[in-house]
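Structure first, commentary second.
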Amino acid sequence: MSITKAAPPGAGHRDTEAPEGDPGGEQQGWQFNSPLVLTMLLILVVALQGPIRGAVSAPVMQSWMTVFVAVVVQALPFLVLGVLLSALLAVFVPPSFFARALPSRPALAVPVAGMAGAVLPGCECASVPVAGALVRRGVAPAAALAFLLSAPAINPIVLTATAIAFAGRPEMVVARFVASLLVACAMGWLWQRLGRADWLRPPAHPSDEGLGKGAAFWSSVRHDVMHAGGFLVVGAMAAATLKSVVPERWLSLAADNPVVSVLALAVLAVLLSICSEADAFVAASLTQFSLTARLAFLVVGPMIDLKLFAMQTATFGRGFALRFAPATFVMAVASSVLVGAVLL
């Protein structure tokens with residue numbers, strides 16, 4: 001006795017319990033998580049281990065892997081820190097807290113949020129998920145964006161690292177603080193003035209209805225780590241690729257022109273995607289460039305680089321990132337030149 005089910009119109013009935021291998025039975029498509037696929041992949045890697053070893057040992061590939069691992073290793077702890085803070089904000093902090101902590105007028109909330117970035121010991125990877133949580137909790141986008149830009153640039157760890165890297169030049173610490181805070185506030189006010197609600201996609205977040213606070217916290221952590229972490233890897237891969245193919249002699253040629261040197265280091269900061277806790281030491285080593293050009297490197301990097309652009313796209317949407325990132329870059333370069341001319 002066989003069990004049958006209704007067939008599509010125009011087709012006859014057939015047994016659904018067809019023997020294994022029977023072409024008339026229901027077929028299962030290839031699955032990427034199939035043990036057979038994994039086994040075949042392992043066999044292929046073993047068979048091609050010679051060419052793979054040769055490709056990995058090439059100087060360009062060694063440089064690529066070094067930059068990729070460095071970016072991920074530097075950024076991942078602070079990404080995790082940001083995710084944990086984001087989950088804490090989303091689960092344990094009531095929405096009314098933010099209404100009391102920030103001024104009701106967005107124009108005043110922007111500088112307050114910008115100054116609040118000075119107390120978060122993290123980098124840009126931490127600020128993106130935290131800013132997303134602030135928007136989810138009802139904070140004005142202009143204030144959340146000011147926090148997003150200021151937190152990785154003016155927190156105590158970054159300023160301390162800058163003071164150590166530029167020992168004997170305290171004006172670099174002051175210039176970095178002033179220029180970065182100026183950009184954060186200016187971009188917050190600019191968004192308040194010109195930003196549109198449909199440009200900013202509300203950050204996605206898993207529903208925690210029916211879950212206890214502990215379960216909701218870990219659900220939020222898992223979601224944000226997988227969501228932002230994937231884009232961090234993509235950004236790190238792009239940064240490593242660009243770093244490994246850009247000749248170093250281009251830097252020496254660019255340093256001879258004051259205008260080109262500022263733009264060159266600003267673009268280099270975007271491409272290298274260095275964590276803000278480490279970028280001061282890289283900038284200090286670029287002794288062929290002026291202090292203003294190196295200030296541009298320090299201001300631009302924590303606000304817009306490849307991995308940060310990818311993470312902003314993942315959190316707030318591509319339409320937001322395509323508008324916000326270029327405006328931030330221009331504002332950061334202009335602020336660096338202005339502050340550099342006054343303080344340096």
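The values are calculated or read from the model by the stated rules, or taken from the named source; none is laboratory data. Quick caveat: nothing in here was measured; it's all calculated off a predicted structure. Each accessible area value is taken on the protein alone, full model and side chains, heavy atoms only, with ligands, DNA and RNA left out. Shrake-Rupley method; radii C 1.70, N 1.55, O 1.52, S 1.80 Å.
What are the ³J(HN,Hα) values, in whole Hz, obtained from phi via the Karplus relation 6.51 cos²θ - 1.76 cosθ + 1.60 with θ = phi - 60°, for each residue of segment 265-281 in sequence order, with x given for Gly and Pro?
Listing the rounded values in order: 6, 5, 5, 4, 4, 5, 6, 6, 6, 7, 4, 5, 6, 10, 5, 5, 6 Hz.
Once a ≥ b ≥ c are taken as the square roots of the eigenvalues of the Cα gyration tensor of segment 234-342, is the result rounded (a/c under 1.5), prolate (a/b larger than b/c) or oblate (a/b not larger than b/c)? Kindly include the intermediate steps, with their values, before the conclusion.
On the way: a/c = 1.99, a/b = 1.36, b/c = 1.47.
Note, shape of segment 234-342 comes out oblate.
By how many nm would the segment from M115 to S252 lengthen if fully extended, with 0.36 nm per residue of separation less the alpha-carbon distance?
Details: separation 137, 0.36 × 137 = 49.32 nm, distance 3.65 nm.
Roughly 45.7 nm would be gained on extension.
Using 0.36 nm per residue of separation minus the Cα-Cα distance, give me the extension gain between V342 and A47 in nm, one decimal.
Details: separation 295, 0.36 × 295 = 106.20 nm, distance 6.23 nm.
So the chain would gain 100.0 nm between V342 and A47.
How high is the relative contact order of segment 226-344? Use alpha-carbon pairs under 8 Å, at least six apart in sequence, and give a whole percent. Present the calculation step by step, with values, prior to reporting the outcome.
Numbers: 135 pairs, mean separation 38.7, N = 119.
This gives 32 percent for segment 226-344.
Please list L41, L102 from largest to smallest accessible area, probe radius 1.4 Å, with all protein chains kept in place. Show your work: numbers first, answer last.
Values: L41 95, L102 35 Å².
Largest accessible area first, the residues go L41, L102.
Rounded to two decimals, what is the ratio between the C-alpha radius of gyration of segment 288-338 and 2.2 N^0.38 Å? The partial results should precede the final answer.
Values: Rg = 12.1 Å, N = 51, 2.2 N^0.38 = 9.8 Å.
The reported ratio for this selection is 1.24.
Compute the length gained on full extension between S290 and D198: take 0.36 nm times their separation in residues and subtract their Cα-Cα distance, giving the result in nm to one decimal.
On the way: separation 92, 0.36 × 92 = 33.12 nm, distance 4.10 nm.
Taking 0.36 nm per residue and subtracting the Cα distance, the gain is 29.0 nm.
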